[in-house]
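Attaching a single structure in structure tokens format; questions to follow.
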Amino acid sequence: QSDEVLTVIKAKAQWPAWQPLNVRAAPSAEFSVDRHRHLMSFLTMLGPSPDWNVGLSAEDLCTKDCGWVQKVVQDLIPWDAGTDSGVTYESPNKPTVPQEKIRPLTSLDHPQSPFYDPEGGSIKLVARVVIERIARKGEQCNIVPDNIDDIVADLAPEEKEEDDTPETCIYSNWSPWSACSSSTCEKGKRMRQRMLKAQLDLSVPCPDTQDFQPCMGPGCSDEDGSTCMMSDWITWSPCSVSCGMGTRSRERYVKQFPEDGSMCKVPTEETEKCIVNEECSPSSCLVTEWGEWDECSASCGTGMKRRHRMIKMTPADGSMCKAETTEAEKCMMPECHTIPCLLSPWSEWSDCSVTCGKGMRTRQRMLKSAAELGDCNEELEQAEKCMLPECPIDCELTEWSQWSECNTSCGKGHMIRTRMIKIEPQFGGTACPETVQRTKCRVRKCLRGPGMEKRRWKEAREKRRSEQAKKNIDSEQYPVCRLKPWTAWTECSTLCGGGIQERYMMVKKRSKSTQFTSCKDKKELRACNVHPC
């Protein structure tokens, strides 16, 4: 589309989005329009967000009388690009398949939306754009070449000059030549400029945006080149007063400076007197011109159409303005050949097509008029999206890891295995089961010294006697074993891949009787850092 674009607008982002203007000015950019390309569009994303944005599409900066708009102030609502189904600013990515058309967000899209209003009120405005004219130069939008020579003059550079500009460099047209730098018959230079609109390939350099040509002062060239080429007059400005006699002005601009480098002495502004509401009185009011007629109220046969105007200034004496602000007249459309459809009222909306998440609902109405009276093109069924609470998401786990090595080098010990949580349960989904399992393991017997076997049997016999005595001895005669609270868990033995933490419960008070050998310190183990390395 580069041939149809005059200026590519690029502006810095505003981050964070809301800042007082006395802390940081709003981002801005300058761009150009001309009589052929006077529609302005822009788009800016909101971040973070699913795919929300604000912007303007084809805003016309030409006025109806072919002047230029002075200022446009537009408050903006957010739009949905139709590529992501998130409902809040920080929703996770959820691509919309298939993609939908871009549409404005509403206050009833989703209960979790930041714009949600259960009463369906207007959506919040999120941004404001201001477009303001800062300069007028060159040809205006209502200028038409006076003769074929003007057209040829515009086309001549493209026909005569060899353009070696790379295709990846997009430029505006050359400006008119400037005045000559020399005011005498000595050689000087004059300059023209063009603007680089876009560089599609940064690896390919773009030629200069300035061009120079030798020239001499006024009266030194062979031909008389002291003629100024002027534009037509621009439309008259509004009168300077709202009532009585005032002044108005109009402007024109230099289309081409003299070839001899001299300055133009032709006036570029003209002023004249103007009269508004010649018979001024304290009860007079000032109104705008009538607007365009509205569409006819009927699609066939006779209807009504209206047009409106606004009150620009109320009477000075505080009375009511007696001027009409609405005007109506009859309008004729093609003759009606069919009898209008007779339809029943819409039915209630059906239940949502799903029990959770996003679905559709419908409503119908009936055709009451007879079919022989003619075809009826009115829709008899409507459908719209509906949203119920999110569907439950059950917990999902990975497969069990391999069993770890036994935690002892000999004798009895234990091994563990782990699995990871892939998806946490949401919206009432099934909870996650255990993620760590432990099982006993036995390695080779531990080596023992002389007499160890005999000592082991002796300890086992004492343990059995102690347990038997514990059952028979009254608890009041022998005090209970007392333990301290559990200690804090130790640091994990590994940083990833599954490790172990320990904690202890130490004996606070132990009976002096040798029969209470079971009153011992306690130890607990648990898995930790089970995520893969």
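The values are calculated or read from the model by the stated rules, or taken from the named source; none is laboratory data. Bear in mind that the values here come from a model prediction, so they are computed numbers and not experimental data. Here the Cβ is made from the backbone with ideal geometry for all residues, glycine too, and neighbour counts use every protein chain on show. For the accessible areas, the whole protein counts, side chains as well, though only heavy atoms, and no ligand, DNA or RNA atoms are used. Shrake-Rupley method; radii C 1.70, N 1.55, O 1.52, S 1.80 Å.
When you scan the range 109-131, do you find a residue that is of a type in the set (D, E, K, R) and surrounded by 15 or more Cβ atoms within 10 Å (Cβ to Cβ), even just one?
Looking for residues that are of a type in the set (D, E, K, R) and surrounded by 15 or more Cβ atoms within 10 Å (Cβ to Cβ), one finds at least one in the range 109-131, hence yes.
In the range 402-418, what residues are open to solvent by 50 Å² or more (accessible area, probe 1.4 Å), touching a residue at least 12 places away in the same chain (Cβ under 8 Å) and part of a loop (DSSP other than H, G, I, E, B)?
Once the filter is applied, which keeps residues that are open to solvent by 50 Å² or more (accessible area, probe 1.4 Å), touching a residue at least 12 places away in the same chain (Cβ under 8 Å) and part of a loop (DSSP other than H, G, I, E, B), the range 402-418 yields GLN402, TRP403, ASN407, SER409.
Could you say which residue among SER242, SER262, SER284, SER226 is touching an Asp or Glu at 6+ places or on another chain (Cβ under 8 Å), at pLDDT below 80 and surrounded by 14 or more Cβ atoms within 10 Å (Cβ to Cβ)?
Of SER242, SER262, SER284, SER226, the one residue that is touching an Asp or Glu at 6+ places or on another chain (Cβ under 8 Å), at pLDDT below 80 and surrounded by 14 or more Cβ atoms within 10 Å (Cβ to Cβ) is SER226.
In the range 298-326, which residue that is open to solvent by 90 Å² or more (accessible area, probe 1.4 Å) and in a loop (DSSP other than H, G, I, E, B) is farthest from CYS239 (Cα to Cα)?
SER299
Which of the residues belonging to the range 93-108 are open to solvent by 90 Å² or more (accessible area, probe 1.4 Å), in contact (Cβ under 8 Å) with a residue 12 or more places away in the chain and among the aliphatic types (A, V, I, L, M)?
Across the range 93-108, the qualifying residues are ILE102, LEU108.
Answer yes or no: is there a residue in the range 381-392 that is open to solvent by less than 40 Å² (accessible area, probe 1.4 Å), part of a strand (DSSP E or B) and closer than 30 Å to SER353 by Cβ.
Looking for residues that are open to solvent by less than 40 Å² (accessible area, probe 1.4 Å), part of a strand (DSSP E or B) and closer than 30 Å to SER353 by Cβ, one finds at least one in the range 381-392, hence yes.
Being farther than 30 Å from GLU251 by Cα, touching a residue at least 24 places away in the same chain (Cβ under 8 Å) and in a strand (DSSP E or B) is true for just one of VAL129, VAL54. Which residue is that?
Matching residue, one of VAL129, VAL54: VAL54.
For the range 328-343, state whether one or more residues are of a type outside the set (A, V, I, L, M), at pLDDT 85 or above and surrounded by 13 or more Cβ atoms within 10 Å (Cβ to Cβ).
The answer is yes; a qualifying residue exists.
Go through (1) within 24 Å of SER172 (Cα to Cα); (2) assigned to a loop (DSSP other than H, G, I, E, B); (3) open to solvent by less than 20 Å² (accessible area, probe 1.4 Å) one by one and return the number of the condition HIS36 breaks.
(3)
Exactly one of these conditions fails for PRO450: (1) modelled with pLDDT under 75; (2) not in a loop (DSSP other than H, G, I, E, B). Give me its number.
Checking PRO450 against (1) modelled with pLDDT under 75; (2) not in a loop (DSSP other than H, G, I, E, B), the one that fails is (2).
Here is a further query. So which of VAL72, VAL87, VAL97 is at pLDDT 90 or above and not in a loop (DSSP other than H, G, I, E, B)?
Checking each option against the conditions leaves just VAL72.
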